[in-house]
Amino acid sequence: MQLGEFGWNEADALGSLLGGAFTTATFGATLTLLVREIRTRRAESRERDRERQDNERRQARLVYATLNPDVPIPSDHLPTSMQGPRDQVHVRVYNHSDEPVWDVKVIIPDRSRPLLVETVPPHDSRATAWMEAPDDWHLMHVGPGCPGTPTWTSLDVVFVDNRGLRWRRSGRAEPVRLFDNQDIQTD
């Protein structure tokens, strides 16, 4: 056999080799496209999940609880920032959303069970009070009202939105969804 002459065996081997190379290249290109498509779909799925969670939290972000500042001070030695009688903790729940919230409970530090507010209509607020609070509750949880000390405390509110989803929000932090098997944790 001379250089440049190929027989059927050599041509068949070369064809098999080139066919295998092209098959491998095609498989690699297909695999690359498949991996890219899977990554794209996963990213789109994560984005849809984030949008869904954002839509679910939209109403929950507009509900919060604060100490009620509208209660008169019964004694003259309490600073003006500490409203309400010393043995009462007055709370107000605000709902700035377009839908009502249900089964509203406010978790008060050093209280064994939450305050029940029931329902807060849209663009409204409801108040309640813990009447048997210790005399020093405000000093322990709000502060003495001196310069440099906080005059508020972050209250946790648990509620059910109009879609039937249960939420917990601590102060003005991002709301956290509670599932049916999660109990309300109190201090």
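This table checks each residue for (1) farther than 30 Å from Pro100 by Cβ; (2) more than 47 Å from the chain's Cα centre (by Cα).
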{"residue": "Glu10", "(1), (2)": "yes, yes"}
{"residue": "Gly15", "(1), (2)": "yes, yes"}
{"residue": "Gly19", "(1), (2)": "yes, yes"}
{"residue": "Thr26", "(1), (2)": "yes, no"}
{"residue": "Leu33", "(1), (2)": "yes, no"}
{"residue": "Arg41", "(1), (2)": "yes, no"}
{"residue": "Glu44", "(1), (2)": "yes, no"}
{"residue": "Leu62", "(1), (2)": "no, no"}
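Out of the residues in the stretch 47-98 meeting the condition of being of a type in the set (Ser, Thr, Tyr) and not in a strand (DSSP E or B), tell me which one is modelled with the highest pLDDT.
So the residue we want is Ser97.
When only residues in the stretch 130-187 that are polar (S, T, N, Q) and modelled with pLDDT under 80 count, which is farthest from Val120 (Cα to Cα)?
Thr149
The values are calculated or read from the model by the stated rules, or taken from the named source; none is laboratory data. What you see is a predicted model; the values in this text were computed from it and never measured. No Cβ is skipped: glycine too gets one built from the backbone with ideal geometry, and neighbour counts run over all protein chains shown.
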